[in-house]
Amino acid sequence: MQVVTDPLALQADCLARRRRGERIGFVPTMGYLHRGHTSLMELARPRCDHLVVSIYVNPLQFGAGEDLDRYPRDPEGDRAACERAGVDCLFMPTDLYPPGHSTRVRVEGLTAGLCGASRPTHFEGVTTVVARLFGLVQPDVAVFGEKDYQQLAVIRRMVRDLAMPIEILGGPLIRDDDGVALSSRNAYLDEDQRRRARSISRALAWLADAVAGGEVDVATLLARARARLDVDRIDYLEIVDPDELQPLARISGPARALAAAWLGRTRLIDNVALVPPSAHR
Ligand code: PAF
């Protein structure tokens, strides 16, 4: 496995490979890799000749007072995980942006609600870094986790709107044995918070069951699901249409429930597909 730290060296290598006809796959991450990340690498691996994984904790996507300084890091463990997953190139830049970097990429609309409402600069940071990474790697296919469902929708929109010739694949959300969605931020939780974090996936699973059982009234569903949450603060719990992420009043087709909640100083997100009985017919 190559390990590259220089952005322009990475770009030169990827461009040379493309000229030779190699198909490039890409999984961007912020490191502290877990099974959720390696499942994305497994999705990408058979779809490309050369698999690039990036690890970069992107300051642009953290707001003031967020966890940039304490974001968990494990470069050695990450390197070993990438080796095991059959990654060809691990890109670990210290400086990703050139001096004087002043370009921002912003997707409007889709970024207004949900995580965008409480983290107003977050998605601009994500799309800016992903656009730069795409420019460096020039992937044919890139894989993002459905755990960050809104992020995936925003990236798909950016790629469509900017006509980037990249196939975007969504990898299923991976849960731990207790149902908690895998996240690097789970490392922050103490034992009691971890126990209470289960209430998020349980409330979402309850919603999926209730919708599958025929309940269509969103206000009723959300009130009952909220009552199941044992968290310190609910950032949001919403049911939206799966593409435009607009809040729904009634469920008449496939929908998505998304939640963000705080346990102490840790903010966790999770989501689940909602499929009413009518969608099965
Ligand atoms: O999902 C993440 O880990 C990050 O938001 C990403 C896509 C690597 C951009 O920094």
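Applying the Karplus parametrisation 6.51 cos²θ - 1.76 cosθ + 1.60 with θ = phi - 60° to the phi angles of the stretch 172-179, what ³J(HN,Hα) value in whole Hz is obtained for each residue in order, glycine and proline being reported as x?
x, 5, 10, 10, 6, 4, 8, x
For the stretch 34-61 and the stretch 225-281, what is the separation of their C-alpha centers, rounded to whole Å?
So the separation of the two Cα centres works out to 26 Å.
When only Cα pairs under 8 Å and 6 or more residues apart are kept, what is the percent relative contact order across the stretch 175-248?
Computed over the stretch 175-248, the figure is 26 percent.
Check every DSSP H run in the chain and write down those whose alpha carbon atoms cover 24 angstrom or more along the long axis and whose mean Kyte-Doolittle hydropathy is -1.0 or greater. Mind showing how you got there, number by number?
Values: long enough: 191-212 (33 Å, -0.54).
Flagged H segments are 191-212.
Using a 1.4 Å probe on the protein heavy atoms only, what accessible surface does V105 show? Give it in Å² to the nearest 10.
Around 30 Å² of this residue is reachable by solvent.
With both partners inside the chain, how many of the DSSP beta bridges are antiparallel, as a percent to the nearest 5?
50
Could you report the accessible area of M1 in Å², rounded to 10, computed with a 1.4 Å probe on the protein chains as they sit in the structure?
Its heavy atoms expose roughly 70 Å² to the probe.
FRET efficiency for L162 and D192, Cβ-Cβ distance as r, R0 = 41 Å, nearest 0.05?
On the way: r = 45 Å, r/R0 = 1.09.
Calculated value: 0.35.
Whole-Hz Karplus ³J(HN,Hα) for the stretch 138-146, in order, using 6.51 cos²θ - 1.76 cosθ + 1.60 and θ = phi - 60°, x for Gly and Pro?
6, x, 7, 9, 10, 10, 10, x, 6
For E76 and A219, what is the calculated FRET efficiency with R₀ set at 45 Å and r taken between the beta-carbons, to the nearest 0.05?
The pair E76/A219 has a calculated efficiency of 0.35.
Give a residue-ordered list of calculated ³J(HN,Hα) values for the stretch 235-249 (Karplus: 6.51 cos²θ - 1.76 cosθ + 1.60, θ = phi - 60°; whole Hz; x for Gly, Pro).
Per residue, the Karplus-derived 3J(HN,Hα) values read 7, 7, 9, 9, 10, 10, 6, x, 10, 8, 6, 8, x, 10, 9 Hz.
Can you give me the Kirkwood hydrodynamic radius for the chain, using every pair of distinct Cα atoms, in Å to one decimal?
One decimal place: 19.7 Å for the Kirkwood radius.
From the protein chains alone at 1.4 Å, what is the descending order of accessible area for I239, I234, largest first? Intermediate values should be presented prior to the final figure.
Numbers: I239 5, I234 50 Å².
Solvent-accessible surface, decreasing: I234, I239.
Compute the accessible area per residue over the stretch 199-281, keeping the other protein chains in place, probe 1.4 Å, unit Å².
Ligands and nucleic acids excluded, the result is 48 Å² per residue.
For M30, list long-range residues whose amide hydrogen, built 1.01 Å from N in the peptide plane, is under 5 Å from its own amide hydrogen.
Under 5 Å from the amide H of M30 lie the amide H atoms of Y56, each far enough along the sequence or on another chain.
Rounding to the nearest 20 debye, state how big the charge dipole of the stretch 150-281 is about its Cα centre with +1 on each Lys and Arg Cβ and -1 on each Asp and Glu Cβ.
For this selection, approximately 100 debye.
If I ignore ligands, DNA and RNA and count only protein heavy atoms, how much of H34 is accessible to a 1.4 Å probe, in Å² to the nearest 10?
It works out to around 40 Å².
Mean separation of Cα pairs under 8 Å and 6+ residues apart, divided by the residue count of the chain: what relative contact order is that in percent?
Dividing the mean separation by the residue count of the chain yields 17 percent.
The values are calculated or read from the model by the stated rules, or taken from the named source; none is laboratory data. Quick caveat, the model's predicted, so the values are computed rather than measured. Virtual Cβ from ideal backbone geometry, glycine too; neighbours counted across all protein chains shown. Just the protein is used for accessible areas: all its heavy atoms, side chains included, with ligands, DNA and RNA removed. Shrake-Rupley method; radii C 1.70, N 1.55, O 1.52, S 1.80 Å.
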